[in-house]
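Taking it in order: structure first as structure tokens, then the write-up.
The values are calculated or read from the model by the stated rules, or taken from the named source; none is laboratory data. Model, not experiment: these values are computed from the prediction. Reconstructed Cβ throughout: ideal geometry from the backbone, glycine too, with neighbour counts over all protein chains shown. Calculation scope for accessible area: heavy atoms of the full protein, side chains included, ligands and nucleic acids excluded. Shrake-Rupley method; radii C 1.70, N 1.55, O 1.52, S 1.80 Å.
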Amino acid sequence: MRGLLDLWTYAAVCAGLFFFIAGTVGILRLPDTLTRLHALTKADNLGVGLVVLGLLPQTADALAALKLVAIWAMVLLSSATVSQLIGRAARAEEPPR
Amino acid sequence: MTSAGGELLVLALLLPVAGVLLAFLLGGRWAARITLLALALGLVLTGLLGVRLFASAAPLTYALGGWAPPLGILLRFDGLSLALLATAMVVLSAIALYARAEFAVPAGARETRASFVFWTLLLGVWAGLTVVVLASDLFTLYVALELLTFAAVPLVSLEGRADTLRAALRYLLYALAGSVLYLVGCALLFGAYGTLDIGLLAQRAQADPATLLACALMTAGLLAKTALFPLHIWLPPAHAGAPAAASALLSALVVKGSFFIVLRLWLEALPAVVTPAAAQVPAALGAVAIFFGSAVALRQARLKPMIAYSTVAQLGYLFIMLPLVLGATALGQSTATALAGGMLQLASHATAKAAMFMAAGLIYAGLGHDRVADLGGVARSLPLTVWAFALAGVALIGLPPSGGFLAKWLLVSAALATGQWWWVLALAGGGLLTAAYVARVLMVALSSAGPAPALRAPVARSRQWVVLGLALLSTLLGLLAWVPLAVVPLGAAGAR
Amino acid sequence: MALVLDAGMALCLLALALFALTARASYSAVAGFVAYGLLVALAWVRLAAADVALTEAAIGSGLTGALLLGAAARLRASESTTVAWPSAARRAAAALLSTLVALGLAAVVLWLPQPAPTLAHEAAAGLPSTGLGNPVTGVLMAFRGVDTFLEKVVLVLAMVGVWSLAADERWGGRPGLRHEADPNGVLAFFARLVIPLGLVIGLYVFWVGADHPGGAFAGGTVVASMWLLAMMTRLADTPPIERRALRLALVVGPALFLLVGLAGLAFGGGFLAYPEAYAKPIILAIEVAMTLTVAVTMALLLAGPPLRSADGQ
Amino acid sequence: MTTTTIYGLLGALLVGVGLYGLIVHPRPLRKILSFNVLGSGVFLLFGVVARRGAAAGFGGDPIPQAFVITGMVVAFAATALAVALLLRLAEVGGATELDEPPPAEDRAA
Amino acid sequence: MTTFLLIAALGVLAAVALSLARVFTGHGDAKRLMAAQLLGTGGVTALLLFGTATDAGGAVDVALVLALLAAFAAIAFVKKGTAHELPPAAEPD
């Protein structure tokens, strides 16, 4: 059982890390703000989410697990809000081509 | 760890703090009332503390919460504490009486900005100084330094003009840099000895690199806060730009707080680390400050900047005390003469400088300006005020029977006894320059040529009497020669 | 591997500090500093100081960041493009001094005595009589309670100082400018969701502080940031500073500390000595008051001096 | 090389960087920023001292950790006061640079 | 497991640092906002990873507060301490 859970952690954290790296590559390589935003939100939502999911089996108790989920929820919420605002700021700065 | 009468220390600590909290909560006219009531209580309490200290002939102590150092914090009250606290109480009371009219809430208003800020911060300065004299833990002393900084800086910009705001900001940045440097030293000392209690540090401290670096950084930070040359440049604009009552508070008392911590650090926490040779450095800076500050004061066109530069000079005298005390310790002599001389200089300057700033404030209030060249004949318009200015000047110059005279006499004796004759030059030369800038003002003010200047606004007699009383006290301080000699050695450095 | 992480973080921190110092525009520098504050909080976790990490996360990156960002934005317009730097000689002298201090500190820190002196044993021995499980809370509230008490007084004086910068005719009014925000906009929506969550987190951080990392400082600061969020999204306005209830909230923490101390003095135990049976409830009561005071003070320190009259104009 | 060594060196370097900025940078806001960098360097030194004193089952000596918490709150209050002063100065007087000689001589005219 | 989680934490931090370098060299509010958001999430993730790896007490609580305050800082970026919301144009509905 333990081994299976650890395997899940390895897999999920690796996947999360992949999205972080993908997000970074996106920010470094993509041409304009809106497309970079696309990359950024992948890191936020999927990267954090997968890492949280991966760490869940490693937590000691239910409260710690709850806190992990709350962190993810918070990141999702702020990411959704902030990317809205970034989009708007981008529209004001660089008019659509 | 708690001595008999230790509860008095707690009450002395809580009184100004309770004053701050109550004045903040109630505000309005209550702020001034609370301050005056608390100061009256504080004077009584200081008297009681003095009596208890003499009776026990040993420091009063109180272990807070029953936790003894190194885990807990010890309050400790010795002769040096009494000297600073008594001075502070007298000067604070005089300033409060002087400021009562200026910072009253006018009829019809519930609360005004200047009144609320002045009274709460005056109580804040008192609280800070009380913690400075009582704490025997270097971190508690850091909090005390911050109390003083946060109480002092807004007083500078009380009038809200751009130049005072700039002076306040510069002062704040200097003070913060000083605090942080002090804090680095605390980190090193704790890392090396596992305590910041002054008594325990005195037992444990050795002259190793960590301790030396800590001592150097802490001293540098404290000197920036005390405005010792060349870290003085924040002081003149800050002290000259504040309202007179606030200037008196800043110049007479606030800078003394950080100086007092230098004494605790050098003479009590780290006596095994600092040497008489090391003490030549701050004392030499002090000597430069005496000549530089006085010379610049002589060239000021206005009264308040002149008095502010005089503070730069007078602070220099205080630092000459360090090599004299350490020299006496090294030679196995009694440190009482040098300590008493230094503390008397502190008390003398505090009373005289507060009186002088307040006299300048009255002249400003009466004439609407304080340009020295245009003060001709003001002695006939405001005789009491000019008398007060002259008496304060006598104390600053160090003419008998003033406290300044006795202080310099004691310092000169200590210098000769420890074979450090060169400090006599600084002590004497400074007196001459001080005489020059005081005389320059008095010659104009007392001139009989032309008509007496008309007063723009009436100056209340009661306020003039307060200033004169304080000036008189500083002039007569020298007659009380037995007090400092008896008080200061009580439980001070070396008697631990 | 942990050391590689530490070294990487240290390099990032140093780079961000240098960036904050050298960036041309103040606004960028402050943005760098916000990032810096966040990383410092991680460093505190690495130093096994979770209480400090919580405080740093709440104060260092959160409130200080918001404060400096606001200042940089407001000064942006008045910031001249060129500033007169000190002469090369003065810069060199300052660089020499700073380098000497840094090198001296580095050398001394490397050669601090081994084994390191510590008060952990004394703290562990004293902790049971306070009823607390978290030694840092024990130090802050019991062993060195007077430091905490006096530091609260520092906050009161700082509050007076910030308010003292109001114009005379605005005295008694509401701090800060009125924020503009659409009550149906995305920000308000976000705030409505986050504020309740944040308040719960703040109270949780305060509550666990008795036995686990947390406490009044971090908890109060989190609550403060939620109140500020409500102000920024116009769900709440700053209260007029003449209001008696507000003044009470700003002093209740130190005042309760003082009263409890006096009671101890009066009933024989001594100032700030808590009777062992009631130590924990008394400390918790002080901490509740303290959390309120910290929350209100931190938020209003950030809001600045009163700029509007009491009726909000 | 240990964790405390790395953060000790970092703390020392940050003190240097912050001190330099505080002395040299002409803009007050950047001086305030430098003060915060300097402060966090000092706090890290305290943190290293605390970490080295780990004993009695605690991850660090709680006394220096408490010092840091107190210091951080004070540093925030100081930053708030400095920023308030700076903004008021900008509002009242325009120029915010501190290094020109103070015109104390002529203001009462 | 420990080493793996630490490497993952290092990876996240490295990724964030790389994109930060890019973002900080650019101009405009949108880029700075992206930096703030990215650092917030990256920092929280790295903290969760190495907190679990080294069993650091309270690391999850710190991450919780950090996530909350990162959101707060992001809003402060948008509001910039001024009374106005960015962009100055009215909110679309």
| message | At a cut-off of 40 Å², which residues of segment B:115-153 become less accessible once all protein chains are present than in their chain alone, using a 1.4 Å probe? | response | B:Phe116, B:Phe139, B:Val143, B:Leu147, B:Phe150
| query | In sequence order, what are the phi-derived ³J(HN,Hα) couplings for segment A:47-62 according to the Karplus relation 6.51 cos²θ - 1.76 cosθ + 1.60 with θ = phi - 60°, rounded to whole Hz, with x for glycine and proline? | reply | x, 4, x, 5, 4, 4, 4, x, 7, 3, x, 8, 6, 7, 9, 5
| Given a 1.4 Å probe, how much area per residue of the protein assembly as shown is accessible, in Å²? | 31
| request: For segment B:239-248, take each phi angle, set θ = phi - 60°, evaluate the Karplus expression 6.51 cos²θ - 1.76 cosθ + 1.60, and give the result in whole Hz per residue in order, putting x for glycine and proline. | output: 6, 7, x, 6, x, 4, 4, 5, 4, 4
| task | List the trypsin sites (Lys or Arg not before Pro) within segment B:40-115 that fall in a DSSP loop (any state other than H, G, I, E or B) and whose Cβ has at most 13 other Cβ atoms within 10 Å. | result | B:Arg110
| said: Number of Lys pairs in chain B with C-alpha atoms less than 17 angstrom apart, excluding same-chain neighbours closer than eight positions? | reply: 4
| message | Loop by DSSP (not H, G, I, E, B), at most 14 other beta-carbon atoms within 10 Å: where is the longest site-free stretch of chain C for chymotrypsin sites (Phe, Trp or Tyr not before Pro)? | response | C:112-266
| remark: With the 8 Å Cα cutoff and a minimum separation of six or more residues, segment B:1-157 has a relative contact order in percent of 30
| GluC sites (Glu not before Pro), restricted to segment C:153-257: which are DSSP loop and have at most 16 other Cβ atoms within 10 Å? | C:Glu180
| note | If each K or R counts +1 and each D or E counts -1, the residues other than D:Gly47 whose Cβ falls under 15 Å of its Cβ total -1
| remark: A correct Karplus calculation of ³J(HN,Hα) over segment B:366-380, with 6.51 cos²θ - 1.76 cosθ + 1.60, θ = phi - 60°, whole Hz and x for Gly and Pro, returns x, 9, x, 7, 9, 6, 4, 5, 9, 8, x, x, 5, 4, 7
| said: Give me the three principal axis extents of segment C:92-225 from the C-alpha atoms, as integers in angstrom, largest value leading. | reply: 60, 53, 33
| query | Got a number for carbon plus sulfur as a percent of segment B:280-375's accessible area, 1.4 Å probe? | reply | 65
| Interface burial for A against E (accessible surface, 1.4 Å probe, total of both chains, Å², rounded to 100) | 3600
| task | Quick one: dipole size for segment C:146-187, taken about the Cα centre, charges +1 on Lys/Arg Cβ and -1 on Asp/Glu Cβ, in debye to the nearest 20. | result | 80
| field | B:Phe291-C:Ala95 pseudo-label distance in nm [points 7 Å out on the Cα-to-Cβ vector] | value | 3.3
| query | Under unit Cβ charges (Lys, Arg +1; Asp, Glu -1), what dipole magnitude, rounded to 20 debye, does segment B:75-183 have relative to its Cα centre? | reply | 220
| said: Can you give me the C-alpha center-to-center distance between segment B:356-420 and segment C:45-101, rounded to a whole angstrom? | reply: 43
| remark: For segment C:63-159, the Kirkwood Rh over every pair of distinct alpha carbons, in Å, works out to 19.1
| task | May I ask which residue of B:Ala127, B:Leu75, B:Ala107 lies farthest towards the positive end of the charge dipole of segment B:59-192, with charges of +1 (Lys, Arg) and -1 (Asp, Glu) on Cβ and the Cα centre as origin? | result | B:Ala107
| said: Tell me the relative contact order for segment D:27-71 as a rounded percent, counting alpha carbon contacts under 8 Å between residues six or more apart. | reply: 30
| task | Express in % the proportion of alpha carbon pairs of segment C:241-313 at distances exceeding 17 Å. | result | 54
| remark: On protein heavy atoms with a 1.4 Å probe, the accessible surface that disappears when C meets D, both sides summed and given to 100 Å², is 7100
| query | Roughly how big is the E-C contact, given as buried accessible area in Å² (both sides, 1.4 Å probe, nearest 100)? | reply | 4300
| With all protein chains present, how much of the accessible area of chain A (probe radius 1.4 Å) comes from carbon and sulfur, to the nearest whole percent? | 72
| task | Please work out the C-alpha center-to-center distance from segment A:1-32 to segment C:161-203 and express it in whole Å. | result | 38
| query | What percentage of the solvent-accessible surface of segment B:148-262, computed with a 1.4 Å probe over protein heavy atoms, is contributed by carbon and sulfur atoms? | reply | 66
| Amide hydrogen neighbours beyond the local backbone of B:Arg302, cut-off 5 Å, H modeled | B:Val372
| said: Run lengths n ≥ 4 of DSSP H only: what is the helix-derived mean residue ellipticity at 222 nm for chain C, with -39500 (n - 2.57) per run over all residues, to the nearest 500? | reply: -21500 deg cm²/dmol
| Considering only C:Phe33, B:Leu446, B:Ala283, whose Cα is most displaced toward the positive end of the charge dipole of the protein assembly as shown, charges sitting on Cβ of Lys, Arg (+1) and Asp, Glu (-1)? | B:Leu446
| field | Length-normalised contact order for segment D:1-91 - Cα pairs under 8 Å, 6+ apart - percent | value | 26
| said: Treating only the Cβ of Lys, Arg, Asp and Glu as charged (+1, +1, -1, -1), what charge dipole size does the protein assembly as shown show about its Cα centre? Round to the nearest 20 debye. | reply: 1880
